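Okay, so here's the structure we're looking at.
We did not get these values from a lab; they are worked out from the coordinates using the rules stated. Treat the numbers as computed from the prediction; the structure is a model and nothing was measured. Note that we place each Cβ from the backbone using ideal geometry, even for glycine, and neighbour counts take in every protein chain shown.
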């Protein structure tokens, strides 16, 4: 079914075409009619399946013309997501007169205040900065007719539940409320019990499953050889862009420094970076200025970059849910991607938890020609941070391309 069969407005359809979208994804096919119908919605789908367009396109259609007051509020857990969702709204609305502003911390208040006073239709916000504006009276929510809670599971993980409840309480009772999330844990049901009324429920795929377009594998390695293996894999793999995940900020910085010393172009993304540094890193990674981005889990659901060919879990994630979100950064929009996890002996329990969570066994691979040392537990008191890395054949079938 093409987008034009979903009863979107002509200006929005032009925006979809200009953005390069062709056919709707499953979450879009099911969510767009529900949102256009005006009822509440709880939707879950894997990362990378097009959730933003699933609510942005029908919202823009429903709004129609510009009015100088906020009518739509979209809550996001991170600055990066808020900025990206605002960009999506702007792209889709380019042939309308609707106005959008992103409201988040880490930057000054001046521009955001100015845009709010000029009059906007859509506010995309993180909870903390939005509360600041509510307290000072720069914004009120009395005209909000559509409330979107995006990445709700992530907001719960970050402890935003009390603030989100307060914000929901400030919105009119007569409104449309949309929940979008990768997973729907019981805590979300608690919010839904007072935030939505008779919602339509849409679930695309198993909440715990890995996107089928991602080839993922484990690479067992001795702890002290992790970085050597990372370099070896990078040398032997034809990649477009690589996202490397570290458990810690210190570890991310250390990995990035060593990759730069090995003549790789690298960006770093974690909570200790300033907002300008984070924006520059994302922009550079998207444009191809940086071939590798090293990040903590702030990026597991915090970035949406087309064309990430490989994800590497340099460190095994602490939570099984984070494994699904991390590797969901590749294989997006039905493209094929590869994701690899470097595994040391002490990670055995975490890997069992991940495999139990996704309901599948992850294959183990070895890099041919790499001089592996015997696997032994990590030293009892290793250096601070996570260091000494990995990648793999493109396509998932043991087939190596490119550099040799």
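Listing for the model above:
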{"quantity": "Length gained when the stretch residue 5-residue 109 is fully extended (0.36 nm per residue, less Cα-Cα span)", "calculated": "33.3 nm"}
{"quantity": "Per residue convex hull volume, Cα atoms of the stretch 197-297, in Å³", "calculated": "180 Å³"}
{"quantity": "Relative packing of 287-293, 324-330, which averages over residues the other C-beta atoms within 10 Å, highest first", "calculated": "324-330, 287-293"}
{"quantity": "Virtual spin-label span in nm between residue 361 and residue 235, 7 Å along Cα→Cβ", "calculated": "3.3 nm"}
{"quantity": "Volume per residue of the C-alpha convex hull in the stretch 113-182, rounded to whole Å³", "calculated": "87 Å³"}
{"quantity": "Relative contact order for the stretch 93-183, counting Cα pairs under 8 Å that sit 6 or more residues apart, in percent", "calculated": "28 percent"}
{"quantity": "Debye equation applied to the C-alpha atoms of the stretch 214-358, log10 I(q)/I(0) at 0.15 Å⁻¹", "calculated": "-0.70"}
{"quantity": "Taking the stretch 214-358 and dividing mean pair separation by its residue count, relative contact order in percent (alpha carbons under 8 Å, at least six apart)", "calculated": "33 percent"}
{"quantity": "Simple spin-label estimate for residue 373 and residue 271 in nanometres, 7 Å along Cα-Cβ", "calculated": "3.2 nm"}
{"quantity": "Descending semi-axes in whole angstrom, ellipsoid equivalent of the stretch 3-204, from the Cα gyration tensor", "calculated": "23, 21, 15"}
{"quantity": "Relative contact order %, the stretch 20-134, counting alpha carbon pairs below 8 Å whose residues are six or more apart", "calculated": "27 percent"}
{"quantity": "Where a label projected 7 Å from the Cα of residue 197 along Cα→Cβ would reach, residues of the stretch 148-180 with amide N under 20 Å", "calculated": "148-149, 165-180"}
{"quantity": "Once the Cα gyration tensor of the stretch 70-161 is diagonalised, semi-axes √(5λ) in Å", "calculated": "19, 16, 13"}
